[in-house]
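The block underneath contains the structure these notes are about, expressed in structure tokens.
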Amino acid sequence: MEPTIFRFVWKYSWRQQLVILGLTVGTFPVLYATLELPKLIVNRALAGGVDVYELYGVALDQTGYLFVLCGAFLLLVSVAGALKYLLNVYAGIVAERMLRRLRYQLYSQILRFPLPYFRKLSQGELVQMINAEVEPLGGFVGEAFATPAFQGGTLLTILAFVFVQDWLLGLAAIALYPLQAYIIPKLQRQVNELGKQRVQQVRRNAEKIGETASGIVDVHANDTSLFERARFSDQLAAVFSIRFQIYKKKFLIKFINNFMAQLGPFFFFTIGGYFVIQGELTLGALVAVLNAHKDLSAPWKELLTWYQTMYDVKIKYEQVVAQFVPPGLKDLRLLDADPPEDAPEFSRELRAIQLVLEDEGTMLLDGVEFALDLPLRVAVLGGAGSGRHALGLVAAGLLPPTSGRLLMDGRNLHELPESVLGRRIGYVGNPSHIFRGTIEANLLYGLLHRPVRSRPPDPELERYLREARRSGNLPLDPAADWVDDAQAGIPDPQARFARVRRVLALVRLEEDVYGFGLRGRIAAQAEPQLARALLEARQSMLRRLARDPALARLVEPFDPARYNSNATVAENLLFGTPADGRIDLDRLAEHPYVREVLERTGLLKPLLDVGRRLAETMLELFSELPPDHEYFRQFSFIDPERLPEYRALLQRIDPAALPRLPRADQDRLLALALRLVAARHRLGLIDGPIQDDVVAARRWLREHLPADLQGAVTFFDPHAYNDALPLQENVLFGKVAWGQGQALERVTALVRELLEEMGLHDQVLRVGLGFECGVGGSRLALAQRQKLALAREVMKRPALLVLDNALAALDPADQEAIREALFAEFDGRSLLWILASPEWSPHFDRVIVMEHGRIAAIGRFDQLGPPGGAGAVVVHAD
Amino acid sequence: MTIHKDVEALRRIPLFARIDPARLKLLAFTSDRLHFEPGERLCSEGEPGDAAFIILEGTARVLVRTPEGELEVARLGEHAIVGEIAILCNVPRTATVEAATPVTVLRISKDGFLHLVSQFPQIAVEMMSELARRLHRTTQQLKEVTSRLQKLEEARH
């Protein structure tokens, strides 16, 4: 990274800077001419007194001359505008490219940080630096050289003019510059110092916000939300006080500048006036100098502003860069190099020679030595602080030792490029990170080293890559196929699924992913075949229900002509799924169109009455319970704090005149009524006539849907696939009946059985692979995350897999099964498994017992002595 | 079927006869009315128990697992309460309950059941005497079994 912003700007954009400079200077004569022409028009064309005007040998009369001059003026103004536009766009592009380059460089530096450095630097700070702090740098890049050159040049020209008029006046004009040049940088330095503090303080704010977001559960669990607010307020106070001082100093500088600028005329009038009275200077010259001085203040101001910005930006740049060059950066060659020809096979021997790993004075590894003949299954045992975790990281090539060497087939492991280590060695930590994206993307993540098959070239892509190169980014296409099928042992991309499925089964995740598939959604247009197959499944479901009355009573299918008593009134009315945010099922009554439907179909009055009677029932049932009773949450339609509101409402209203109630009250009653499920709540409020009315209203709603609501609802249509419904709901296409023992379990089983029968298992699994894992895998359970992380490493078929207590979150039966499957899968390859407890050690070829960073015992399990012997004692000392 | 009918049914059960109908309505509203066909299971032995059942219609068989297969130990008819043990002492279901005829029950959740018992001491007392009766019966049976076993062992010696 370049140490200063000027070096950075010059190194990567000197050509562009010269172009900007050239353009700037190029505008100068044009601008000058646009100032000159009006003078010519006034003085010559309008003043008249000449019969024939000659212009480059062409004779013109006065009018013709005027029009030619005006035409020239128009042309020049256009050219000046166009040049200015060009300059601005060009400078803007240069600035953005440089900003992109800087951010890219900073991000690349993060990838080179040594692992322990991440403990010192919080995520919030990194984000703050790369996003916010470098932003003003971009603006500066465009004017880094052009502004001082242009404004300085202007300033010098005008000064020269003044000096030509009278050197004494010239001296007077710049008399205060030395003073300004002395005081302002002094003040500016103070402002800059404060600016530095502000930057650091804002970084701390970012860190604090990040900490609150990630520790939110513990904040609530400890009731420290007031305390956290107090602390944050304290940090804001610090920013405020710094800002306050900055303002004071900044405006002081401004004041001094303005004052000095005003002092100029004072000198001109006193000194120049004196000379005029003495007859040593003409009045005209003095006026000219005064005018010139007025023009002087603009570039001078610009220069001072530039100076302030420059200083600000310089500091920001240096502060940011200082954070991004920690000692122990990874060698760029190791990060980017392709695998060398003579890379080791990882098949003969792993030998540790005097491995020492020191971390801030603690010896994590203290002279570890071993030699293991590969392939081998090795268990590493040891309590917390024994160095087992560090050994795992060192063995996986992720953390270089402070001293000593780890030799793989005789080669120093930590001198091999990442393209060898990251492919030949797998590492599953606890916890391992799950990336944002689908399950499938996470499974294939270990195979994305280089673009394997690029997209067919097209101009768009060419442009994209060219632009990347211009900002010093590597010209890589993220949309190319990066999946290294060969590494995963997959013959061609079509065969990927089979392998994925096998690996999912190995880590016992297949069932979960299948479940995601059942709950997933597909677009019928994108997958017409699957949608058709699922519709067929729906039909055979209906046939099955028709055949078997025992099943029929478990499901109430969606029938456009019938009221579904296991669905809410709202669901019955809309009879579809909201496709976007335009219609909200929970606030249906408030929607103006739904309201119109209720009014037009005559459903409003009966539904209001249902709402009223429901409110009465709720008051009767729940008003005697204490407000914090569990029943309110589970069963009541009305929150405890709103009960008095409804009681007042009921006392006020006349049951016969409900439609004349204020809209807000009507909405309240309707909202209650719409949530009723006839079969579940069994209050007898939704009787036959109302059901018929709802079915009629449903039809009206669909038929008269206004243009602006088209597509807002995916209606239930027995013969069409519903994109807005999950897959299994599409097959079921109805509601599981209330009041039938174990209905849900049996219906779910039935749907699965049908899908299996139709051979749709793989297709559903594919849909499940598209499940989005969320940020950091937040939508997955902990055990699912661990399984997925393990599956990712199994997919890439490493020669050595390091597992750091990697199955801890799984239940014991899963752990056993996965271990056995892994042993079979890794037959002929090596495993280094760090175990938290010794029960599994008999299954391994070799056991290493760690203690205080040293190897306490190593050998086959049966050589380590009886349980309770040396090795076992160490293990239990945890 | 509405909860009014459920309330009527509950009132015919002696245990609830003296309880205010409004309370019974709350009980009915917060419970699920479930239907089981013959052979379907209300609950299975060994499962965690989270609800008790009041039989409104039909007959159910109580089965326990033995080395020789499942053994019917009791039959429950209308108005019987079943499944309360698992709730009261937090143990897995001690028996399987299976519908012998079409059965309609009111399923009271654990919370609902505890609410009921804490609100109405008379129900708690009724429940206690029913449990005591069952304990007494079990003790009698145990005595009988023990003496038979002794006799068998004596005969062998």
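The values are calculated or read from the model by the stated rules, or taken from the named source; none is laboratory data. Remember, it's a predicted structure, so these values are computed and weren't measured experimentally. Glycine gets a Cβ as well: all are built from the backbone with ideal geometry, and neighbour counts include every protein chain shown.
Please tell me if A:Lys316 is part of a helix (DSSP H, G or I) and in contact (Cβ under 8 Å) with a residue 24 or more places away in the chain.
Judged against the criteria, A:Lys316 is a match.
Could you check segment A:597-632 and list, in sequence order, the residues that are in contact (Cβ under 8 Å) with a residue 60 or more places away in the chain, charged (D, E, K, R) and more than 14 Å from chain B (Cβ to nearest Cβ)?
Listed by number, the list holds a single entry, A:Arg600.
Give me a count of the residues in segment A:738-759 that are in a helix (DSSP H, G or I) and either of a type in the set (A, V, I, L, M) or within 14 Å of chain B (Cβ to nearest Cβ) (or both).
Counting residues in segment A:738-759 that are in a helix (DSSP H, G or I) and either of a type in the set (A, V, I, L, M) or within 14 Å of chain B (Cβ to nearest Cβ) (or both) gives 10.
If we scan segment A:743-752, do we find a residue that is in contact with a helix residue (DSSP H, G or I) (Cβ under 6 Å, 6 or more places away or on another chain) and small (Gly, Ala, Ser)?
No: zero hits.
Specify the residue that is surrounded by the fewest Cβ atoms within 10 Å (Cβ to Cβ); the eligible residues are those in segment A:108-138 that are under 24 Å from A:Gln201 (Cβ atoms) and hydroxyl-bearing (Ser, Thr, Tyr).
A:Tyr117
So is B:Val62 at pLDDT 90 or above and more than 20 Å from B:Lys5 (Cβ to Cβ) or not?
Against the criterion (at pLDDT 90 or above and more than 20 Å from B:Lys5 (Cβ to Cβ)), B:Val62 qualifies.
Would you mind telling me which numbered condition in (1) in contact (Cβ under 8 Å) with a residue 40 or more places away in the chain; (2) assigned to a helix (DSSP H, G or I); (3) under 30 Å from A:Ser419 (Cα atoms) A:Ala783 fails?
A:Ala783 satisfies every listed condition except (1).
Among the numbered criteria (1) part of a loop (DSSP other than H, G, I, E, B); (2) at the interface with another protein chain (Cβ under 7 Å from one of its Cβ atoms); (3) of a type in the set (Gly, Ala, Ser), which one does B:Gly39 miss?
Here B:Gly39 clears every test but (2).
Please pick out the residue among B:Ser44, B:Ser31 that is in contact (Cβ under 8 Å) with a residue 60 or more places away in the chain and either out of contact with any helix residue (DSSP H, G or I) (no Cβ under 6 Å at 6 or more places or on another chain) or within 11 Å of chain A (Cβ to nearest Cβ) (or both).
Criteria check complete, one pass: B:Ser31.
Given the conditions (1) without any contact (Cβ under 8 Å) to a residue 40 or more places away in the chain; (2) over 24 Å from A:Trp738 (Cα atoms), and given that B:Ile87 satisfies all but one, which numbered condition is not satisfied?
Failed condition: (2).
For segment A:154-176, enumerate the residues that are over 21 Å from A:Leu281 (Cβ atoms) and touching a residue at least 60 places away in the same chain (Cβ under 8 Å).
The answer is A:Thr154, A:Leu155.
For every residue, the table says whether it meets (1) of a type in the set (Gly, Ala, Ser); (2) assigned by TED's automatic domain parsing to the domain that holds A:Pro148; (3) not in a helix (DSSP H, G or I).
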| site | (1), (2), (3) |
| --- | --- |
| A:Lys11 | no, yes, no |
| A:Arg15 | no, yes, no |
| A:Leu40 | no, yes, no |
| A:Glu54 | no, yes, yes |
| A:Gly64 | yes, yes, no |
| A:Ala72 | yes, yes, no |
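Considering only residues that are in a helix (DSSP H, G or I), within 14 Å of chain B (Cβ to nearest Cβ) and under 49 Å from the mean Cα position of the chain (by Cα), which ones fall in segment A:641-689?
Across segment A:641-689, the qualifying residues are A:Ala678, A:Ala679, A:Arg680, A:His681.
Only one residue in A:Arg103, A:Arg97 is of a type in the set (D, E, K, R) and in contact (Cβ under 8 Å) with a residue 60 or more places away in the chain. Which one?
Result: A:Arg97 is the single residue among A:Arg103, A:Arg97 that is of a type in the set (D, E, K, R) and in contact (Cβ under 8 Å) with a residue 60 or more places away in the chain.
Can you find a residue in segment A:760-775 that is surrounded by 15 or more Cβ atoms within 10 Å (Cβ to Cβ), part of a loop (DSSP other than H, G, I, E, B), away from chain B (no Cβ under 14 Å) and without any contact (Cβ under 8 Å) to a residue 40 or more places away in the chain?
no
If you go through segment A:387-430 one residue at a time, how many are under 18 Å from A:Val794 (Cα atoms), in a strand (DSSP E or B) and of a type in the set (A, V, I, L, M)?
2
Being assigned by TED's automatic domain parsing to the domain that holds B:Arg33 and either modelled with pLDDT of 85 or more or not in a helix (DSSP H, G or I) (or both) is true for just one of B:Ile55, B:Ile85. Which residue is that?
From the options B:Ile55, B:Ile85, the qualifying one is B:Ile55.
Name the residues in segment A:272-313 that are in a helix (DSSP H, G or I), over 20 Å from A:Gln151 (Cα atoms) and not β-branched (Val, Ile, Thr), would you?
A:Gly272, A:Gly273, A:Tyr274, A:Phe275, A:Gln278, A:Leu283, A:Gly284, A:Ala285, A:Leu286, A:Ala288
Suppose we filter A:Phe259, A:Phe266, A:Phe244, A:Phe275 for residues that are more than 30 Å from A:Trp167 (Cβ to Cβ) and among the aromatic types (Phe, Trp, Tyr); which single one remains?
A:Phe244
Of all residues in segment B:1-28, which are assigned to a helix (DSSP H, G or I), charged (D, E, K, R) and within 11 Å of chain A (Cβ to nearest Cβ)?
Those that are assigned to a helix (DSSP H, G or I), charged (D, E, K, R) and within 11 Å of chain A (Cβ to nearest Cβ): B:Lys5, B:Asp6, B:Arg23, B:Lys25.
Restricting the search to segment B:97-119, which residues are under 21 Å from B:Asp50 (Cβ atoms), not in a strand (DSSP E or B) and not hydroxyl-bearing (Ser, Thr, Tyr)?
B:Lys110, B:Asp111, B:Gly112, B:Phe113, B:Leu114, B:His115, B:Leu116, B:Val117, B:Gln119
Kindly establish whether A:Tyr65 is over 55 Å from the mean Cα position of the chain (by Cα), of a type in the set (Ser, Thr, Tyr) and surrounded by 15 or more Cβ atoms within 10 Å (Cβ to Cβ).
So A:Tyr65 passes the test.
Just to verify a result, which residue in segment A:553-588, among those that are closer than 19 Å to A:Leu603 by Cα and of a type in the set (Gly, Ala, Ser), is farthest from the other protein chains (Cβ to nearest Cβ)?
A:Gly576
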